[in-house]
Amino acid sequence: MIKDLVAKLFPFVDEKFRDGRSIYGKAIKKYLASKGKKASVTSIHIKKEYELDEEEREYIYNNCSTMKALDMARELFDESIAPLDCRYRAVSEYLKTIDGKVVLSEIIKEVSPSDYVPPKSEQKAIARINKYVHEGIDKNNIKASDRKSISKLIGYMHTYRFLHQISNYTSRKNRELFESSFVRYTNDKPDLTQEEVDQYIVLSAEVVIASNIQIRVERLQELLDQAAEETEGKRLAMSLVESISTAQTEYNQCVNRQTKLLNELKEKRSHRLSKQIKENASILNLVEIWKEEESRIKMIKLAELRKKTLKKEIENLSSMDEIKCRIMGMTEEEVFNG
């Protein structure tokens, strides 16, 4: 083999230059060709590449604006996946085909309204829940109640109101905050009415508003600190103090709206579930009563059938002269002959 010949004839040559493509390998091949011989080359080992299926590509497309390639690979395949893993490379390569650019969360700061795609499958919804909820769902042990909640969450996130609201955020950070709030509030509530879903959307939007007000207050505070250090900044400082006070008032009002709305939603749902439990209890009682009534009717019918059977047998026995005579202690001969 060319590699072995290069190593034998040129032992000082580095390992990476010992194949047939190096000047040493080409020289050996040329010499052998002049002698009418052909050296065999080392078989090229082609490392198997991983090919993503449709579900995996869809998951990457849905989450590429909010997750890193490595995080998505670990969520899809295995927590121990490293950057050298062929599955990670497959995810990374597929990212390059989305809109002609690599869509990584640390690169893309702004997103367009049309970029957001809600989860469409159970697997993608579980990944979204586990991203935002600490004790999420074990995808290897999904309960029937979990499946129902997941299915409903997918429906909630496909409503026009939700898509319209989240598309209004051009900041990736705001979009993630809104989505995380909504998922945390609704992922375990499969019984929400349309009105309640809209209210949870409003509540999640209030979380984003409060966050932005906090950021504004911090920036104003930084400007105030700078103005305080300048002798000519007293008038500006007073204006900043008023702006900070106004922003803090807005923040408090926003937090109060969140608390009020959340309490109303909890109370309304609790009342509805309590009423539903009572109705279910009434239905169960009716079922039990019906079962008892049915059992009682069956027992009565069995008793009546038994009475009829016994009556018939008694009639049959009473019509048999021989039996009568034996009961009375007389034989047939005694009856006829005295």
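Quick look at the numbers
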item: Answer from 122, 179 - the residue that is among the charged types (D, E, K, R) and crowded, with 20+ Cβ neighbours inside 10 Å; result: 179
item: Residue in segment 186-199 that is assigned to a loop (DSSP other than H, G, I, E, B) and either aliphatic (A, V, I, L, M) or buried (at least 18 other Cβ atoms within 10 Å of the Cβ) (or both) present; result: yes
item: Residues located in segment 183-201, provided they are of a type outside the set (D, E, K, R) and within 17 Å of residue 276 (Cα to Cα); result: 190, 192, 193
item: Hits in segment 67-80 - residues which are surrounded by fewer than 19 Cβ atoms within 10 Å (Cβ to Cβ) and at pLDDT below 85; result: 68, 71, 77, 78, 79, 80
item: Count of residues meeting criterion [open to solvent by 70 Å² or more (accessible area, probe 1.4 Å), modelled with pLDDT under 75 and either part of a loop (DSSP other than H, G, I, E, B) or of a type outside the set (Asp, Glu) (or both)] in segment 227-246; result: 7
item: Segment 182-203 residues that are charged (D, E, K, R), paired with ones that are open to solvent by 10 Å² or more (accessible area, probe 1.4 Å) and not in a helix (DSSP H, G or I) (beta carbon under 9 Å, 6 or more apart); result: 184/133; 188/133; 196/189; 198/159
item: Residue match in segment 28-48 (condition: among the hydrophobic types (A, V, I, L, M, F, W, C), at pLDDT 80 or above and open to solvent by less than 90 Å² (accessible area, probe 1.4 Å)); result: no
item: Number of the condition not met by residue 152 [criteria: (1) of a type in the set (Lys, Arg); (2) open to solvent by 60 Å² or more (accessible area, probe 1.4 Å); (3) touching a helix residue (DSSP H, G or I) at 6+ places or on another chain (Cβ under 7 Å); (4) modelled with pLDDT of 85 or more]; result: (3)
item: Count of segment 131-172 residues which are more than 24 Å from residue 193 (Cα to Cα) and among the polar types (S, T, N, Q); result: 4
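So that you can scan it fast, the table gives a plain yes or no per residue for (1) within 19 Å of residue 55 (Cβ to Cβ); (2) assigned to a loop (DSSP other than H, G, I, E, B); (3) without any contact (Cβ under 8 Å) to a residue 60 or more places away in the chain:
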residue: 117; (1), (2), (3): yes, yes, yes
residue: 120; (1), (2), (3): yes, yes, no
residue: 129; (1), (2), (3): yes, no, yes
residue: 134; (1), (2), (3): no, yes, yes
residue: 139; (1), (2), (3): yes, yes, yes
residue: 147; (1), (2), (3): yes, no, yes
residue: 151; (1), (2), (3): yes, no, yes
residue: 174; (1), (2), (3): no, no, yes
residue: 178; (1), (2), (3): no, no, yes
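The values are calculated or read from the model by the stated rules, or taken from the named source; none is laboratory data. Because the structure is predicted, anything quoted here is derived from the model rather than measured. Cβ: placed from backbone, ideal geometry, glycine included. Neighbour counts: every protein chain shown. What goes into the accessible areas is simple: the full protein's heavy atoms, side chains included, and nothing from ligands, DNA or RNA. Shrake-Rupley method; radii C 1.70, N 1.55, O 1.52, S 1.80 Å.
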